[in-house]
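One structure is given here, and the rest of the page talks about it.
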Amino acid sequence: MKRVVALLATVLLISGCGKDGAEPGASSEATLVLDFTPNAVHSGLYAADERGWFAAEGVDLQIRAPGDSTDAPKLLAAGRTDFAVMDINDLGTADERGFELVPIGALVQVPLASVIAADGDAIRHPRDLEGGEVGVTGLPSDDAVLDAVVEADGGDPNAIDRTVIGFDAVAALSAGRLDAATAFWNAEGVALRELGVETREFRVGDFAAKPFPELVLVTTSELAQAEPEFIEAVQGGLERGYELAAEEPDAALEDLLGAIDGLERLTQSAQMSALTEADAFSAGVTPGSLTPVRYENWKRFAKASGIDVPQTGLIQETFEK
């Protein structure tokens, strides 16, 4: 499938060499930092790596879990990684901070964010959270998610008490300390069910947005402009990996489990089942791809929710045509 990275005359900078000045035909070395501990949503990346699909595109890709520093824009700007997985809602924040980042593909094609409430008669709808206490991570995008879901149900977000809990939603909800918390339905939502905690999930995609890719693979505009063929090679491996995840999720999951020691099979299988049931890897478009329609869906959600939308135009220029 043809992917177009239309970034003006900078293509002339390639001159037949790959990344780091490698000779034609040599593999280009690159690193990719994940957004979180490896889990089922990353299975397409690991499948592509384990099956040699990045290598087949001429890319020697090293996939790394986030370390002490999880600030992907800073890592990219400092040259400590070439690619990073990011929540698309964080792109606007990065742009405000002066980072020019380019999304080149998508891990999922639907929103993963949700407001997860303790199950009970008191909270049957998002509007029922008025007067209650909801945990948020502290990221601006969390408040936007909470506001959007509650407003879409006719509630008043200003009538909700918010408590910053970091990424402790599972512990907080299982202990009954909160009425609800913002979290990913494919991760924390699954973990709560495994613990036997009954909840209600108010997913962004059900209340406040048309499908958009929650997790995207990004790089710097500098690298995208300088080496479009290299970017296209990474896109090729990404799409093959997520096509497998969409069509043969069990096979992709085995690749993930084989690559990462210590992952709990039952937990990852449950996460994969949740993603598959929601058609999260495909949802009507080519798995791994980033399409104009889905990006426009996100822009509408972002603008309505007070999330900054990057103004550089570089994002649109990397879309698959």
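The values are calculated or read from the model by the stated rules, or taken from the named source; none is laboratory data. This one's a predicted model, so the numbers in the text were calculated from it and none came from an experiment. Cβ atoms come from the backbone with ideal geometry, glycine included; neighbour counts cover every protein chain shown.
Observations, loosely collected:
- So F202, is it among the hydrophobic types (A, V, I, L, M, F, W, C), assigned by TED's automatic domain parsing to the domain that holds A48 and surrounded by 23 or more Cβ atoms within 10 Å (Cβ to Cβ): no
- Index of the failed condition, T318 passing every other in (1) at pLDDT 90 or above; (2) buried (at least 18 other Cβ atoms within 10 Å of the Cβ): (1)
- Single condition D82 does not satisfy, out of (1) within 23 Å of G258 (Cβ to Cβ); (2) acidic (D, E); (3) at pLDDT 95 or above; (4) touching a Leu at 6+ places or on another chain (Cβ under 7 Å): (1)
- Taking first residues from the stretch 244-270 that are over 17 Å from V108 (Cα atoms) and partners that are in a loop (DSSP other than H, G, I, E, B), the Cβ contacts under 6 Å between residues at least 6 apart in sequence or on separate chains come to L257/L263; I260/P38.
- The condition (being within 25 Å of R265 (Cα to Cα), among the charged types (D, E, K, R) and at pLDDT 95 or above) is satisfied by just one residue among E133, E194, E201: E201.
- If you check A252, A280 for being aliphatic (A, V, I, L, M) and either modelled with pLDDT under 95 or part of a helix (DSSP H, G or I) (or both), only one passes: A252.
- Elements of the type helices (runs of 4 or more DSSP H) sitting completely within the stretch 77-185 and holding at least 1 residues that are touching a residue at least 12 places away in the same chain (Cβ under 8 Å), farther than 30 Å from G241 by Cα and of a type in the set (A, V, I, L, M): these cover 140-152, 169-174.
Here is a yes/no grid of residues against (1) among the acidic types (D, E); (2) under 18 Å from F281 (Cβ atoms):
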{"position": "A77", "(1), (2)": "no, no"}
{"position": "D95", "(1), (2)": "yes, no"}
{"position": "L107", "(1), (2)": "no, yes"}
{"position": "I116", "(1), (2)": "no, no"}
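- For the stretch 274-307, the set of residues classified as in contact (Cβ under 8 Å) with a residue 24 or more places away in the chain and over 17 Å from the mean Cα position of the chain (by Cα) consists of G284, R300, A304, S305, G306, listed by residue number.
- Test for I104: is it in the same structural domain as G306 (by TED's automatic domain parsing), aliphatic (A, V, I, L, M), crowded, with 17+ Cβ neighbours inside 10 Å and in contact with a Ser or Thr (Cβ under 6 Å, 6 or more places away or on another chain): yes
- Selection of the stretch 45-80 for residues being under 17 Å from the mean Cα position of the chain (by Cα) and of a type in the set (S, T, N, Q) yields only T70.
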